[in-house]
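Q: Before I ask anything, here is the structure I am working with.
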């Protein structure tokens, strides 16, 4: 399984639950989470990884900075983790 399959499953699931997903990218800054999920029950940033892959140190630092400022950042690397995340939107 590749990261794109995790990301596609996330996007499809969020849309089926009435939410929206946007691909994210920082301007002049690195380590932006992959997606912004917007749903009536939860808005958050989602970093998608292929199974067994961990966030890189720079990504972990950026996620920590974002969380300190009140942002919700989630990392998913399996279909089961995506499904668990989708449950939070139901």
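Q: Determine if segment 17-24 includes at least one residue that is free of Cβ contacts under 8 Å to residues at least 40 places away in the same chain and part of a loop (DSSP other than H, G, I, E, B). Show your work before the answer.
A: From segment 17-24, those free of Cβ contacts under 8 Å to residues at least 40 places away in the same chain are 18, 20-24; that's our starting set.
Next, from what is left, pick out any that are part of a loop (DSSP other than H, G, I, E, B): 18, 24.
Checking segment 17-24: at least one residue is free of Cβ contacts under 8 Å to residues at least 40 places away in the same chain and part of a loop (DSSP other than H, G, I, E, B).
Q: Related question: Regarding residue 59, is this residue assigned to a helix (DSSP H, G or I), at negative phi, without any contact (Cβ under 8 Å) to a residue 40 or more places away in the chain and surrounded by fewer than 12 Cβ atoms within 10 Å (Cβ to Cβ)?
A: no
A short reminder: the numbers here are calculations on the coordinates, not readings from a lab. What you see is a predicted model; the values in this text were computed from it and never measured. Cβ sites come from the backbone with ideal geometry, for glycine too, and all protein chains shown count toward neighbours.
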